[in-house]
1. With viscosity set to 1.002 mPa s at 20 °C, what whole-number translational diffusion coefficient in µm²/s follows for the range 120-170 from Stokes-Einstein and a Kirkwood radius over Cα pairs?
2. Could you pull out the GluC sites (Glu not before Pro) across the range 129-234 that fall in loop regions by DSSP (anything but H, G, I, E, B) with no more than 15 other Cβ atoms inside 10 Å?
3. What pairs from 171/207; 126/207; 94/190; 121/184 go past 32 Å between their alpha carbons?
4. Let me know the Rg and Dmax you get for the range 85-165 when you use only its Cα atoms, in Å.
5. Rounded to the nearest 10 Å², what accessible area does residue 227 show when all protein chains are kept and the probe is 1.4 Å?
6. Please report the projected area of the range 88-234's Cα convex hull averaged over all directions, in nm².
7. Find, to one decimal place in angstroms, the Kirkwood hydrodynamic radius of the range 57-100, where the mean of 1/r is taken over every pair of different Cα atoms and then inverted.
8. Where only protein heavy atoms count, and the probe is 1.4 Å, what is the accessible area per residue for the range 27-163 in Å²?
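The values are calculated or read from the model by the stated rules, or taken from the named source; none is laboratory data. Owing to the predicted nature of the structure, the values given are computational and were not obtained by experimental measurement. All Cβ positions, glycine included, derive from the backbone under ideal geometry; neighbour counts span all protein chains shown. What goes into the accessible areas is simple: the full protein's heavy atoms, side chains included, and nothing from ligands, DNA or RNA. Shrake-Rupley method; radii C 1.70, N 1.55, O 1.52, S 1.80 Å.
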Amino acid sequence: MAFNKDIDKDTKLAYQGPKDKHPDVVEYAGDYGLREMVLINHDGDAIDIKYLAQEINIYESIYNNSITGTVVITDAIDLMGNLPIQGTERLSFKLSTPGAHEFGHIVDCSEETGYPMHVYKLSDKKQLNEGTCSYVLHFCSREFLRSLRTRVSESFSGTIDQMVTKILADKDYLDSKKTLFYQKTRNADKITIPNMRPFKAIEMLCKRALSDQTESNSAGYHFYETTKGFHFRS
């Protein structure tokens, strides 16, 4: 999903406040609602970067264990120096279709009701003029970073879907509170996972999983994340 906003004068004026644009009215194709986009550092200091963000991209795929994204920033307030940006920040925002309030039409990455993203990289810095620069902030879900920082060393027994559920929810591993949409597996086993990152461990389990649906001849599962939660299915 990609959301673009030109930086010409007329477009800037269109985003100045609710008096200029009703949040529940679709004015053109591809219109979206973005009330705020808040960057929060490790000390809890927060700044709304909505008007600095020129492009937002969110990437999800059945071949990727977690969602990632980028925000293109045009910075005239020295955000990097004032916050500063160190790679430990959270990014809180909520995207929606104007006028839609259903769960399926909202990407909720807010601190209050959803799960904020985490900034892990800054790239493509360019000096536009003496007081303005542009760069790209790369963000990911919390579970992506947890998988890089933790290891699974444990023997599991039971069905494969039970093992995946435990790795996803266990406080020592991914510690995720997100919904897991899964398809039950019919094969039970005892498997020892030897010091593997959680996502790698789940990928290994995916290759062994067999669906409990008798009409299904498929072998092997995919484990991936969307903006609505994690999925484990054939």
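1. Translational diffusion coefficient: 147 µm²/s.
2. Sparse-neighbourhood loop GluC sites (Glu not before Pro): 130, 215.
3. Pairs exceeding 32 Å: 126/207; 94/190; 121/184.
4. Taking only Cα atoms of the range 85-165, I get Rg and Dmax of 18.5, 62 Å.
5. Accessible area of residue 227: about 40 Å².
6. 12.2 nm²
7. Radius from the Kirkwood sum: 13.5 Å.
8. That works out to 51 Å² per residue.
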